[in-house]
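Have a look at the structure below before the remarks.
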Amino acid sequence: MITNLSQLKKQLTSGAEFDIVGHCRPEVIGERRRVNYADTTGIYTIIPADPDGVVSKANGGRGSYLSWSKAPFWEFRDDGVCALYLNAGSKRPANLVIAIRIAQGG
């Protein structure tokens, strides 16, 4: 189980997959993403089921970008969900950016 941002960064290296279980844009909930590139600032992800789609081709072919942000903006839940919020002091649904769950074996 992931309990902090450092552990999350170690899990989300190139090739790792996760499911979006919550998002500020409801239409992306349920998507499976694969980390295409990761560095110290964030990750670039693609949609494995849609390699030629706009998300997968974004940012010069690296994929959609998600900044790591700072640790206080993250919440790590007992159910395996890792959630990023806009406001470190108010972790409520209205401030949710993205909530993910690392795919088994991913």
For the pair K10 and L86, what calculated FRET efficiency results from E = 1/(1 + (r/R0)^6), where r is the Cβ-Cβ distance and R0 = 30 Å, to the nearest 0.05? 0.75
Any idea how far apart A71 and T41 come out in nm if each label point goes 7 Å out from Cα toward Cβ? 2.3 nm
In order through region 72-84: 3J(HN,Hα) via Karplus (6.51 cos²θ - 1.76 cosθ + 1.60), integer Hz, x for Gly, Pro: x, 7, 9, 10, 10, 9, 5, 8, x, 7, 10, 10, 10
In 5 Å bins starting at 0, how do the alpha-carbon pair distances of the chain split up by percent? 2, 13, 23, 27, 21, 10, 3, 0
Calculated [θ] (222 nm, deg cm²/dmol) that DSSP helices of n ≥ 4 give over the chain, each run adding -39,500 (n - 2.57): -3500 deg cm²/dmol
When only C-alpha pairs under 8 Å and at least 6 residues apart count, what is the relative contact order of the chain, in percent? 28 percent
Under a Gaussian network model of the chain whose springs join Cα atoms within less than 10 Å, the largest fluctuation of R34, R62, R92 belongs to R92
Percent relative contact order for region 54-99, counting Cα pairs under 8 Å at least six residues apart, stands at 24 percent
Protection proxy (average C-beta count within 10 Å per residue), highest first, orders 42-52, 4-14 as 42-52, 4-14
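Here, each number is a calculation from the coordinates, and none is a lab measurement. Values in this document were obtained by computation on a predicted structure and should not be read as measured data. Cβ: placed from backbone, ideal geometry, glycine included. Neighbour counts: every protein chain shown.
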